[in-house]
1. Just to be sure I follow: if Rg is taken over the C-alpha atoms of the stretch 208-357 and Rh is the Kirkwood radius over the same atoms, what is Rg/Rh?
2. Which order do Ile29, Ile252 take when ranked by solvent-accessible area (1.4 Å probe, heavy atoms of all protein chains), largest first?
3. About its Cα centre, how strong a charge dipole does the stretch 175-254 have in debye, to the nearest 20, once Lys and Arg get +1 and Asp and Glu get -1 at the Cβ?
4. Would you please give the residues with an amide H less than 5 Å from that of Ala228, counting only those at least 5 places away or on a separate chain, with H modeled from the backbone geometry?
5. Dipole of the chain (Lys/Arg Cβ +1, Asp/Glu Cβ -1, origin at the Cα centre): which of Cys317, Gln157, Leu6 lies farthest to the positive side?
6. For the stretch 98-112, what does the Karplus curve 6.51 cos²θ - 1.76 cosθ + 1.60, with θ = phi - 60°, yield as ³J(HN,Hα) per residue in whole Hz, taken in order and with x for Gly and Pro?
7. Taking θ as phi - 60°, what are the ³J(HN,Hα) couplings along the stretch 231-238 by the Karplus curve (6.51, -1.76, 1.60), each to the nearest whole Hz, with x for Gly and Pro?
8. Tell me the mean residue ellipticity at 222 nm calculated for the chain from its helices only (DSSP H runs of n ≥ 4, each -39500 (n - 2.57), averaged over every residue, nearest 500).
Amino acid sequence: MSRPKLIFVTRSRYWRPGNGEAARTAALIDALAEVCELTVFFPEQPDAATRPFVERSRHRYRLAVGDTARPERAALVSGLRGMCRQIAPDCVLLSRLQLDFLRLAVPDGIRLVMDTHDLVSDNAASRASVGVAVEEALDFERELGFLRHYDRVLLIQPDDHARVAAALGERALCVPHPVVLPAQPVRPDSRVIGYAASQWVANRHGLQWFIDDVWPALSAERAELQVAGHIAALLPQPLPDGIRARGFVPDIEVLWSGVDIAINPVRWGSGLKIKTVEALAAGLPVVTTREGARGLEDGAGEAFLLADEAAAFADACRTLLDDLPLRRRYARAAHAYARDRFSHAACYGGLMAWLRG
């Protein structure tokens, strides 16, 4: 059976882990390379880590890169048009709506796919609701107008998928982020709260809220807060009592080892929160906000605890620290929930069937 030829266009430096977009992009490229004759087009200058990452990949693919740090739109259109002439792909996949202008470079007869990551209109609305500057003022109907040009639209979580599928039908595919991890042991005499995130502004706001409004109620509870990821560099100095900076931890299993409960205190945003999914997949009891559980609402109260107010968030953390049987129950439920929802087959099965077809 012949493998479909696919060009994947992304501006994510996916070879440098530490944020949700890079993790999502790297995982999707790996899945595509398994079933497609894949060319990844990264239109900017690469860096020293790029080639070694590609050479270590499980499945071989071609990487085409640009030669300038900030290529002009006209150059990108010309580059993709030339690549389509050379490769004659069956499909072109664009990563994020910001690359929509490149569909004009794709000849008729080649299938077009958009990987949204999240809905731009949702992100704009969420930012506006908390007074954060909105870079792209786009409402949902206008966003749908762009998405109607695509043969398939990839949505990362069920709520986004349901809304887009109501307008686009089977052209909308729910393609979450796969995470399968061994369950962390439940440690009866340990009280470590773990948080991991990039320096994305919503993560910074969430961590500041937790430190200012939640942590004072927990700091006297013999608890320790460990902050991992690039966000750890932004912690206030000197560090508040009971807070430890781990920094960036590249190995995802090591990242969640030594943690007893995980938190995601993000207050606004859009899409699927990959760090929430990773913590659940590691079999950790999780406390998060409604935004941190976006698209996972059916697991609230069963696979994780949900709290939006500071006092309730602190109470949820304290309850899990103090009640060992409850902590064990949530740990088992979290791991089972993630295993069911975020296996490779559950996340990519529909997309791969369509590509093979």
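1. On the way: Rg = 16.2 Å, Rh = 16.3 Å.
Over the Cα atoms of the stretch 208-357, Rg/Rh equals 1.00.
2. Of Ile29, Ile252, the descending order of accessible area is Ile252, Ile29.
3. Computed charge dipole of the stretch 175-254: roughly 80 debye.
4. Here Tyr195, Ala196, Ala197, Arg246 satisfy the definition.
5. Leu6
6. Each residue of the stretch 98-112 in turn: 4, 9, 4, 4, 6, 5, 5, 8, 9, x, 4, x, 9, 5, 10 Hz.
7. Listing the rounded values in order: 5, 4, 5, 9, 5, x, 10, x Hz.
8. Mean residue ellipticity, 222 nm, calculated: -11000 deg cm²/dmol.
The values are calculated or read from the model by the stated rules, or taken from the named source; none is laboratory data. Predicted model only: the values in this text are computed from it and were never measured. Note that we place each Cβ from the backbone using ideal geometry, even for glycine, and neighbour counts take in every protein chain shown. Heads up: the accessible areas ignore ligands, DNA and RNA and are worked out on the full protein's heavy atoms, side chains in. Shrake-Rupley method; radii C 1.70, N 1.55, O 1.52, S 1.80 Å.
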